Structures are given as structure tokens and as C-alpha cells.
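Below is one structure, written out as C-alpha cells, with a few remarks after it.
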Amino acid sequence: MDKNGNIYTFIYASVMVILVAAALAFTAISLKPFQTKNVEIEKKQSILSSVNIASTAKDAEAIYAEKIVNSYIVDATGNKVDGDAFAIDLKVERAKPAEKRLLPVYECQTDEGLKYILPMYGTGLWGPIWGYVSMNDDMNTIYGATFAHQGETPGLGAEIATPGFQQQFKGKKIFDESGNFTSITVAKSNETAPTEHKVDAISGGTITSKGLQKMLLDDFTTYKAFLTQKKQ
């Protein structure tokens, strides 16, 4: 076959494309279990972080197994439903009407007692934001919080993922003294709100701050029936 001819060039190019595609597919399939495992470990680290428990990629699974004493799913009425809480895709659930969402709950035994961890999912300036908020057993006072994002601006909206911002949530309350649901206000400097329900917004990150505020309002609202039942 003439190596300078069009037919040879076409066959050679086709074979190379097939070989490269096969190699990429094989690599992707081979790496998928490792990628899935890494995602699971990172998720467990985030859950633990919401109750102020530090962990590494090496010890997260052992600490999680020790500290997370229970996990389950509730519906919008606060009742438990069958399923694996850890397997719930928050993005999928957020796309559903609130009354049809499956809501994961994690119970963590800490040195300060049992804490209830609630996953959150919302939208920032450039993409999704998410996190975990832990509650004291009064189902009103926030014990800790951790947040993450996909693509918020470094130094601005991305500050939601920093300890300094997250530590503001400890001790804040989502119900007022009369038992009315209030959620949390992420307030700019010119905004006022009761101290027990307010954290400071990120300077220069207004849209991300308000996206986080909306995420908390929406998701605490869907968990409200569960929280109210637990309070009684």
C-alpha cells in the first residue's frame, strides 16, 4: 500500500483514533473506583467538619464510622423513609418540589453531646454552593457549619469555604423566642437583623452571600417539620 496515498493516511488516522479512544476509555474505567472513593472520603470529611472534627484522607473513614452513630432520610413532613442517606444526590433533590424531596440526616456523637447534621445545596454567583450545618439537640441552635463551592471568586465569594466565615454560625438560632422560624440572615454592613439570627456577609461577595442565605432559608424550611418534631 502506498504510504503516501490518501487511503493509507485515512486508515492510519482511523486506527490511531480508535487506539487512543480505547486507551482513554480504559483509563477512565480503571480510575473510576478511585475517583468515587475519593469523593466519598471528601464528603465524610465535610460532614465531620460541620461538627468541628478534623480528619485527613487517611483517617476520615475510621473517624466517620466512630462518630456518625446514625443516618437516615426524612421527607418534608419530618417522617423517616427508606433509603441510604449517604447516597442522596442533593442536586437531584433540590430540583424536585420541596414537598417531594428526600432529606438526609446524620447523627454525630461529640464530646458535647449528640448533634444533628443537615446537608444544604444552593446556588452562588458562578455555580453551585453546598455545605453541612450541625444542630444542637434543641433543634434550634447551630453547633457548626461548613460550606464549599464549585467556582466562586477567590478572595470574594470563595470566602464561604474559610473557617473565619463558617465560625460565625456557631451559636446562631433558626427559631425566635416565640418558636417562629426565622433562618439565618447573611447581612451586609447596611442591613440589620437580630444578632442571634445574623452573620456578616462577605465584603465584595454580595451575590454569593445572598445565595448562601437563600440556600439556608430554603433547606431549613424543608427540614422544618423534622426539626419541630424533634424539639417536642
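Among the criteria (1) within 16 Å of the chain's Cα centre (by Cα); (2) assigned to a strand (DSSP E or B), the one residue 93 does not fulfil is (2). Flag set for residue 80, criterion: among the basic types (Lys, Arg), in contact with a strand residue (DSSP E or B) (Cβ under 7 Å, 6 or more places away or on another chain) and loosely packed, with under 14 Cβ neighbours inside 10 Å.
Limited to the stretch 92-122, what total is found for residues that are in contact with a strand residue (DSSP E or B) (Cβ under 6 Å, 6 or more places away or on another chain) and more than 22 Å from residue 141 (Cα to Cα)? Residues in the stretch 92-122 being in contact with a strand residue (DSSP E or B) (Cβ under 6 Å, 6 or more places away or on another chain) and more than 22 Å from residue 141 (Cα to Cα): 2 in total.
I'd like to check something: does the stretch 89-98 contain any residue that is surrounded by fewer than 16 Cβ atoms within 10 Å (Cβ to Cβ), in contact (Cβ under 8 Å) with a residue 12 or more places away in the chain and within 28 Å of residue 202 (Cβ to Cβ)? Within the stretch 89-98, one or more residues are surrounded by fewer than 16 Cβ atoms within 10 Å (Cβ to Cβ), in contact (Cβ under 8 Å) with a residue 12 or more places away in the chain and within 28 Å of residue 202 (Cβ to Cβ). Here is the figure for the stretch 59-82: residues that are in contact (Cβ under 8 Å) with a residue 24 or more places away in the chain and under 15 Å from residue 117 (Cα atoms) total 9.
With respect to the conditions (1) touching a Pro at 6+ places or on another chain (Cβ under 9 Å); (2) farther than 16 Å from residue 78 by Cβ; (3) surrounded by 20 or more Cβ atoms within 10 Å (Cβ to Cβ), residue 219 falls short on a single one, namely (2). Residues of the stretch 159-182 that are within 21 Å of the chain's Cα centre (by Cα) and surrounded by 20 or more Cβ atoms within 10 Å (Cβ to Cβ): 159, 160, 165, 166, 169, 172, 174. Of all the residues in the stretch 62-90, those that are assigned to a loop (DSSP other than H, G, I, E, B) and either of a type in the set (A, V, I, L, M, F, W, C) or farther than 17 Å from residue 229 by Cβ (or both) number 6.
Each reported figure results from applying straightforward, stated rules to the coordinates on display, with no laboratory input. Predicted, not measured: the structure shown is a model, and the values here were computed from it. Don't worry about glycine lacking a Cβ; one is built from the backbone with ideal geometry, like all the others, and counts go over all protein chains shown.
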